[in-house]
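The structure appears below as structure tokens.
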Amino acid sequence: MSSSVPSLSDPFLDPVPSPVAHLDAQALEWQPLLALVAGYAASRVGREAIESLAPSTDQTWIELQHQLVQELRALLDSAATIPLGGLIDPSSLAAKSQIPEAALEPDELQSVARLAHDIASWQSLLKNPPPAAASNIAALQELSAGLAGASLQPLADSIQRKLMPDGTLADDASPELSRIRHEQQRQQRVIADSLRAALRRLSADGQTQDDLITIRGDRFVIPVKAEQKRRVSGVVHGASSSGQTVYLEPLETIEQNNELVRLLEEEQAEIHRIFVALTRLVGTHADALVTGARVLAQVDTLQARVRFAIAYDAARPTFTPGLFRLESARHPLLEKRLKSTGGSIVPFTLELTSEARQLILSGPNTGGKTVTLKTTALCALMAQSGIPVPANAASLPIFDAFLADIGDAQSIEQALSTFSAHIVNLDRISHLAGPSSLILLDELGSATDPDEGSALAVAVASFFLASGAWSLISTHHTSLKVYAANTAGVLNAAAGVDPVTLVPTYRLQLGIPGASAGIQTAQRLGLNSAIVEQARERLGSQHADIARFIENLHSETEALEAERKAARAEQYALNQERARLAREGDVELKRRTRELEQKLASLLKDFEFQMRQTVSAIDDKSAQLKLSKESERRIQRLRRDFEEQFNSTVVAHRSGADKGDPNAQPHLVRHVGIGDQVRIKSMNKIATITREVEKDLYEVALGPLKMRIRRDDIAEVVAPAGKPLVSEKPLDAVARQKGVRVTVSTSGSDDMKSEINLIGHTVDQATDELEKYLDQAFLAGLPRVRVIHGTGMGILRRALREYLRTHPHVARIEEPTHQEGGAGATVVELRQ
């Protein structure tokens, strides 16, 4: 991931650092897996890079690869477009461009232009990423640090401006080329006029074959009947296929054609000069092009891995020494095949630790044992290659060798039987295995005498256990199952089988051995019953006892699983019933709350009416005005006190707290800071906290005035320091948490209009008026208002709707019906 500019002689892509020492790739289907991932790449270069991936033992490199994949996925999730359509390996073109007087071909220059455009687009994307991904692309920026120089977009523009899509040069590619082509057009018109005059003359004499002008060998000619060619002065430039017509250049146009040929030669020379100049320009950016292409090639491999991860629901692995855990792992190649046939794969969960590094996997034929071994190895290989793992979660150690003996290793050329080939392979693995090796042995001890095979299998398993290697071994040998049950550091696992039908379920069960069920399977498949019975009689009593023990163990395990599912279902039913009772309680509480709200609102309105009636009955106007203002203040204070008491009662009832508990008093302001804008109860004014004089005593600024207030005179914090003024209802913070919505109308709501007319205002004037109106409507508790702006050219409508979408008081906006104003108005739903 170095940011230095590489030399053109370096390999196009850096090799994987510290690759694993030994990898049995063919047995583990590593190359088919890479081909599957490579299919998601956007370019040939990206596909080749994926197919050359190898697992590494360098944890820093591995973690960086997974971080890069995660960051690129964030970019793709934010709808960013990754520019990779023009990605090529430009090494040879860059080298050619540095040869003096060399000229790249038009298609080569166009390839360079597309690549330069993609590199510039990638630079631009990293400089201006989508907001959703802007804070999470540090590794991608470090990967692209070598592109920090000037943009290659001018190079792309220069080539694309001069070259037409068909590879020809545009007329304005250079002033000289423009002049030459202008001269050519003028000369062609002169020649055409001369030839048309000759055609008219010869047509009158019946000497021309066709009334047209054509070109032969860059020279303009006219067709003449073959028998008349000697009667026309000029040069013959060929004949038709029938021989009845010859193409003749009249004497009077020879010099004119010569001049046109000279201009064509000048054009070719100028075209060559332009191509040489463009090639020289490419040469000056050769290192940047190669560096950019290398970065984009790595980005393409990352994109391929992201798309694979999305398609196969793959997860980012973690690396923990001493823990090998796969949760719901799947074999991607098998999953792909099953998807194509409409099937579904059965995932498995596996866990080994440093204290138990060996797993003995047993079960019926076709039960998925081999697939489990290969899936386990592939997941570890993918993790160490920077590819997300097809599992819900994966925590793995880092292996330095992947050694496998899977499948029939028979070799006729080397005169090896199946058994001999397995022994040769086991010997090789035994010399390579170490504490950081992952060993996979399929059907250990098979292809020979069962007793000797069992003894050999146990000896091999014991050897690899003693070596400290991580090993997974599949088997049908009972001795290996007993060995796993009686040996510390070894676990049994069973490939699942239906106890009734004996059909494999492909589910992995840890902690118990699997039953091979060979005789039962033979019976299920229809083998002659006499043969089956004789086989059972010949089966030794010890083998029969072990088989019955394993069957009973599976039965008990299934019974426990059934009990666990039943307990889970019962718990779910209890939770549902608890939730239902809670909902019913909430409904009843909300109903009672609404009733209290209505009664409170009615009492307050009656009180206000009586108070205003009393004031209006006073004859003295000045006393009436003074008393009216004092009454309004008292009404507001009384309303606020009612709200606080009401809210405390509701929340205390809902939470079960005592009414005096501070947690049941949402009206009490607990957190006040310097710069906060607060509403003063006694004055119903908004002021700004300037300093804390002492505990619960604050100095506030109210316009040009400064005064001191106590904490209990603060009704609410309207806007914290540094945030815009947004009114918050005192009950919201607690009541919403408790699932209760309480709304009490505030003073002035009866007089507050539910619409504002802004027709005729400028955008700035309308915005100011609307801001004031929304604050008043919000404080008045109006749920919806209508903004009238008219239709006109739509400028005011668009500006106001854009302003409303980001306003803190606005929950949503919508266009009203035609009867309510249609496009000439906007209905605004305010936050409650």
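The values are calculated or read from the model by the stated rules, or taken from the named source; none is laboratory data. This one's a predicted model, so the numbers in the text were calculated from it and none came from an experiment. Glycine gets a Cβ as well: all are built from the backbone with ideal geometry, and neighbour counts include every protein chain shown. Heads up: the accessible areas ignore ligands, DNA and RNA and are worked out on the full protein's heavy atoms, side chains in. Shrake-Rupley method; radii C 1.70, N 1.55, O 1.52, S 1.80 Å.
Let's see how each residue does on (1) crowded, with 24+ Cβ neighbours inside 10 Å; (2) of a type in the set (Ser, Thr, Tyr); (3) under 33 Å from the mean Cα position of the chain (by Cα):
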site	(1), (2), (3)
Lys339	no, no, yes
Gly343	no, no, yes
Leu359	yes, no, no
Ser362	yes, yes, no
Asn365	no, no, no
Thr372	yes, yes, yes
Thr376	yes, yes, yes
Cys379	yes, no, yes
Ala383	yes, no, yes
Across (1) small (Gly, Ala, Ser); (2) farther than 24 Å from Val69 by Cα; (3) in a strand (DSSP E or B), Ala269 clears everything bar (3)
Failed condition for Ala715, given (1) of a type outside the set (Asp, Glu); (2) under 30 Å from Val587 (Cα atoms); (3) modelled with pLDDT of 80 or more; (4) not in a strand (DSSP E or B), with all others met? (4)
Those residues of the stretch 465-519 which are small (Gly, Ala, Ser), modelled with pLDDT of 90 or more and open to solvent by 50 Å² or more (accessible area, probe 1.4 Å) amount to Ala466, Ala488
Quick one: is Glu227 open to solvent by 20 Å² or more (accessible area, probe 1.4 Å) and either at pLDDT 80 or above or aromatic (Phe, Trp, Tyr) (or both)? no
Quick one: count up the residues across the stretch 808-832 that are outside any helix (DSSP H, G or I), at pLDDT below 85 and either hydroxyl-bearing (Ser, Thr, Tyr) or more than 18 Å from Lys753 (Cα to Cα) (or both). 2
Filter result for Asp171 (open to solvent by 10 Å² or more (accessible area, probe 1.4 Å), touching a helix residue (DSSP H, G or I) at 6+ places or on another chain (Cβ under 6 Å), touching a residue at least 40 places away in the same chain (Cβ under 8 Å) and under 28 Å from Ile274 (Cα atoms)): no
Which residue pairs have Cβ atoms closer than 7 Å, lie 6 or more positions apart in sequence or on different chains, and pair a first residue in the stretch 581-597 that is of a type in the set (Val, Ile, Thr) with a second residue that is open to solvent by less than 100 Å² (accessible area, probe 1.4 Å) and outside any helix (DSSP H, G or I)? Thr593/Val740; Thr593/Val742
Give the stretch 776-795 a look and list any residue that's open to solvent by 50 Å² or more (accessible area, probe 1.4 Å) and outside any strand (DSSP E or B), or say none. Gln776, Leu779, Pro783, Thr791, Gly792, Met793, Ile795
Counting only residues that are at pLDDT 90 or above and in contact with a helix residue (DSSP H, G or I) (Cβ under 7 Å, 6 or more places away or on another chain), which one in the stretch 345-356 is most open to solvent (accessible area, probe 1.4 Å)? Phe348
Which residues, counting only those in the stretch 105-143, are open to solvent by 70 Å² or more (accessible area, probe 1.4 Å) and of a type in the set (Asp, Glu)? Glu105, Asp107, Glu142
So Gly146 ticks every box in (1) within 24 Å of Gly283 (Cβ to Cβ); (2) modelled with pLDDT of 90 or more; (3) open to solvent by less than 50 Å² (accessible area, probe 1.4 Å) but one. Which box is left unticked? (2)
Give the residue that is surrounded by the fewest Cβ atoms within 10 Å (Cβ to Cβ), with candidates limited to residues of the stretch 254-272 that are under 27 Å from Gln110 (Cβ atoms) and in contact (Cβ under 8 Å) with a residue 40 or more places away in the chain. His272
Just name the residue that is most open to solvent (accessible area, probe 1.4 Å) out of those in the stretch 803-832 that are among the polar types (S, T, N, Q) and under 20 Å from Glu769 (Cα atoms). Thr806
Here are some residues: Ser97, Ser92, Ser78, Ser43. Which one is surrounded by fewer than 19 Cβ atoms within 10 Å (Cβ to Cβ), modelled with pLDDT under 95 and in contact with a helix residue (DSSP H, G or I) (Cβ under 6 Å, 6 or more places away or on another chain)? Ser78
What helices (runs of 4 or more DSSP H) completely inside the stretch 13-132 contain at least 1 residues that are under 26 Å from Pro317 (Cβ atoms), aliphatic (A, V, I, L, M) and in contact with a Pro (Cβ under 8 Å, 6 or more places away or on another chain)? 30-38, 59-77
Whichever residue in the stretch 445-455 is within 51 Å of the chain's Cα centre (by Cα) and surrounded by fewer than 19 Cβ atoms within 10 Å (Cβ to Cβ) and, among such residues, is farthest from Ser420 (Cα to Cα): Ser446
